[in-house]
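A quick write-up on the structure given underneath.
The values are calculated or read from the model by the stated rules, or taken from the named source; none is laboratory data. Keep in mind that what you see is a predicted model, and the values were worked out from it rather than measured. As a convention, Cβ positions derive from the backbone with ideal geometry for all residues, glycine included, and neighbour counts pool all protein chains shown. Note: areas computed on protein heavy atoms with side chains; ligands, DNA, RNA excluded. Shrake-Rupley method; radii C 1.70, N 1.55, O 1.52, S 1.80 Å.
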Amino acid sequence: MLADKRVLLIIGGGIAAYKCLELIRRLKERGAHVTPVLTRAAQQFVTPLSVSALAGEKAYTDLFDLTDEAEMGHIQLSRVADLVVVAPATADLMAKMAGGHANDLATTLLMATDTPVLMAPAMNVRMWEHPATQRNLSTLLADGLRLVGPNSGDMACGEHGAGRMAEPMEILAAIESALSDGPLKGRRVLVTSGPTHEPIDPVRYIANRSSGAQGTAIASALAALGAEVVFVTGPADVAPPQGVEVVSVVSAQEMLAAVEGALPVDAAVFAAAVADWRVKGESSSKIKKDKGQLPVLEFVENPDILAHVSQLPKGRPKLVVGFAAETDDVLANATAKRIRKGCDWIVANDVSPETGIMGGSENAVQLITAEGSESWPRMSKSDVARQLAAQIAAALG
Ligand code: CTP
C-alpha cells in the first residue's frame, strides 16, 4: 500500500524525535520514499546524518539553502509528497501551524503545501492539556489536519498522562489509512465504543459488560477503507485500533462532549454501551459503611448521545448508525428504537447471556434501515465490522 508513496517527514524538536528513526525504517521497509525535514530544535535530539542515512535521502534543515533552492525550491518540496507527516508535533510547532507562521523551513513547507497533513503530537501532559494547545488543536482539526495520538502513559519528563507520541507502528497505520485509496478516502467518520463508567464516589462506579470489541473492529474496518476515524471510547477491555484518532472518556457526559467536539463528520456509528443513568450527586469522598444503614442511590438520566446527534438541526452527519442491544423481541424493539432516536440505521443484536455475544468474539446482527431489515448470519465481530463499513461506504457514495 505504501510502495512508491512519498512522505515528507517533518521532525519537530522533542525527545520523541528518536521514534522517527524507527518510523523511517518501517516506511522504507514498505517501499515508501521519505524526505526528512528537521527543525532547528529537532537537531538537538536527532542528527540530520542519522535521519538521512536511514531515509536514503538528503535531510533538509534550512530555508535559505541556496543549493536546494536551485535544485528544488521549498514550494516544490512541499508539493511532491503524497502526505506530510509532522512527528513529533510539539506544542510550539502546533501553535505555529495554527497561527499560520512561516519562519523556518518546516513551517514554510506546512504553509505552502497542498498535500494532506498528519500530525503526531508529543509533549508534557500539562502542555497538552493547556487551553492554548487544545485551542490550537481544534483550529488544526477544523483546518483538516489529521491526528494520530497522543497516547497516555509515562513520559520522558517523569510525569504521567496524555502527551506521549504515538508509537511508530501506530503512526505507520495512520499513514496507511491517510494514503489509502479506499472508498472512504476523504470521509471523516465518528465511532463511539466501549462502556461508560458512572461514578458513585471516588472508588466505586456503575458499569456494564461491553468489551468495546465490536466498536474497535468497526473503527479498524472504516480506517482500512480510507476513512479518517475519530474513535471516542469509554474504558474498554480491548486496545483501541491503530491509525485512528482516539479520544478516551469515562462517563456518558464526557462521551457527549467528545462527540460534539468531533463534529462535523460524514457518518457516525454509535457502538458504545452508554449507561442510561448516572448517580445523582456523586459523592466526592468515599461513602462509609454505617452499621445497619444501606446507602440509597438516586439516579438521573444520561443524555442520549445517539438521539442528540440524530436530531441535530444543523450539522447532522449524512448517515447515523445506532446499535440496539436487546434481549427480547429484537426486531420489533430495534425497529421502534430507530424511529424513536431518529437515526438512519440500527444494528440490532440479541445480547441474551446464552448467545455469548456480549464480551464474545462473534456477533449475529440484523441491520434495520428505512427500507426494512436484513439478518446477517452469525460471524466474527471483525466480519460484521467489514460488512458494515462496506455498506457505509456504499451509502455515502
Ligand atoms: N446510546 C447513546 N446514549 C445513551 C444511550 C444509548 O448514544 N445515553 C446509543 C448506543 O450507543 C446505541 C443506541 O443508543 O447505539 C441504543 O442503545 P440501547 O442501550 O440499546 O438503547 P436504549 O436507548 O438504552 O433503550 P432501552 O434501554 O430501552 O433498550
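See the values below:
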| quantity | calculated |
| --- | --- |
| Test: residue in the range 127-143 that is touching a Gly at 6+ places or on another chain (Cβ under 9 Å), free of Cβ contacts under 8 Å to residues at least 60 places away in the same chain and crowded, with 23+ Cβ neighbours inside 10 Å | no |
| Wholly within the range 1-119, helices (runs of 4 or more DSSP H) carrying at least 2 residues that are free of Cβ contacts under 8 Å to residues at least 24 places away in the same chain and aliphatic (A, V, I, L, M) | 48-55, 66-71 |
| Counted residues, the range 351-372 - those being away from the ligand (no atom under 16 Å from the Cβ) and of a type in the set (Ser, Thr, Tyr) | 1 |
| Failed item in (1) free of Cβ contacts under 8 Å to residues at least 12 places away in the same chain; (2) part of a helix (DSSP H, G or I), with Ile171 passing the rest | (1) |
| Set Asp237, Asp181, Asp201, Asp143: member being under 30 Å from Ser284 (Cα atoms), out of contact with any Lys or Arg (no Cβ under 8 Å at 6 or more places or on another chain) and away from the ligand (no atom under 16 Å from the Cβ) | Asp237 |
| Set Val279, Val296: member being of a type in the set (Val, Ile, Thr), away from the ligand (no atom under 11 Å from the Cβ) and surrounded by fewer than 17 Cβ atoms within 10 Å (Cβ to Cβ) | Val296 |
| Residue within the range 69-91 that is open to solvent by 10 Å² or more (accessible area, probe 1.4 Å), at pLDDT 95 or above, over 30 Å from Leu225 (Cα atoms) and in the same structural domain as Gly158 (by TED's automatic domain parsing) present | yes |
| When residues of the range 329-350 are limited to those that are more than 27 Å from the chain's Cα centre (by Cα) and within 10 Å of the ligand (Cβ to nearest atom), the one surrounded by the fewest Cβ atoms within 10 Å (Cβ to Cβ) | Arg340 |
| Members of the range 225-249 found to be modelled with pLDDT under 95 and open to solvent by 40 Å² or more (accessible area, probe 1.4 Å), listed by number | Leu225, Asp237, Val238, Ala239, Pro240, Gln242, Val246, Val247, Ser248 |
| When residues of the range 250-276 are limited to those that are open to solvent by 80 Å² or more (accessible area, probe 1.4 Å) and not acidic (Asp, Glu), the one farthest from the ligand (Cβ to nearest atom) | Pro264 |
| Single residue of Leu147, Leu105 found to be crowded, with 18+ Cβ neighbours inside 10 Å and touching a Ser or Thr at 6+ places or on another chain (Cβ under 8 Å) | Leu105 |
| From Thr107, Thr113, residue being hydroxyl-bearing (Ser, Thr, Tyr) and at pLDDT 95 or above | Thr107 |
| Extreme residue, most open to solvent (accessible area, probe 1.4 Å), among residues of the range 15-31 that are over 19 Å from Leu179 (Cα atoms) and touching a helix residue (DSSP H, G or I) at 6+ places or on another chain (Cβ under 8 Å) | Glu22 |
| Residue check for Val247: within 19 Å of Arg386 (Cα to Cα), free of Cβ contacts under 8 Å to residues at least 60 places away in the same chain and either more than 14 Å from the ligand (Cβ to nearest atom) or more than 12 Å from the chain's Cα centre (by Cα) (or both) | no |
| Top-ranked residue in the range 312-325 [being near the ligand (Cβ under 8 Å from one of its atoms) and open to solvent by 20 Å² or more (accessible area, probe 1.4 Å); ranked as farthest from Ala268 (Cα to Cα)] | Ala325 |
| Matching option when the condition is in contact with an Asp or Glu (Cβ under 9 Å, 6 or more places away or on another chain) and under 23 Å from Ser380 (Cα atoms), among Ala223, Ala236, Ala120 | Ala223 |
| Residue in the range 351-370 that is least open to solvent (accessible area, probe 1.4 Å), counting only those that are without any contact (Cβ under 8 Å) to a residue 12 or more places away in the chain and among the β-branched types (Val, Ile, Thr) | Ile357 |
